[in-house]
Structures are given as structure tokens and as C-alpha cells.
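First the structure, in the form of C-alpha cells, and then the observations on it.
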């Protein structure tokens, strides 16, 4: 049985608008808005870089 074309993930890249906590930490560190020793919970909202 063959697989339907819509089920094949042929290199389709989808831009995510929600980051995981470790991704948000990296982004905030890069922007200088988070320092070591700051709280990890309750992080500020971030938009992913394009």
C-alpha cells in the first residue's frame, strides 16, 4: 500500500510561533534580557527571530 502525498513530509518547514523554554532562554540571553541567577519560570513573552 502506498502513502498518500499529503502524509509525506517532503522537506516542508513550518515557522513555529511558540518557543520552548530553553529556546526562549537562549533568545533572552542573546538579547541581554536574562542573566544567570534570574528565575526560569515566569519568563517574559518573546517572538522568535525571523
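General observations
- Close contacts from region 1-25, counting a first residue that is at negative phi and in a loop (DSSP other than H, G, I, E, B) and a second that is surrounded by 10 or more Cβ atoms within 10 Å (Cβ to Cβ) and modelled with pLDDT of 75 or more, with Cβ to Cβ under 6 Å and a gap of 6+ residues or different chains, come to 19/48.
- Residue, nearest to residue 18 (Cα to Cα), within region 33-50, restricted to residues that are under 18 Å from the mean Cα position of the chain (by Cα) and loosely packed, with under 10 Cβ neighbours inside 10 Å: 47
The values are calculated or read from the model by the stated rules, or taken from the named source; none is laboratory data. In this text, all values refer to a predicted model and were calculated from it rather than measured experimentally. Using ideal geometry, Cβ is built from the backbone for each residue, glycine included, and neighbour counts are taken over all protein chains shown.
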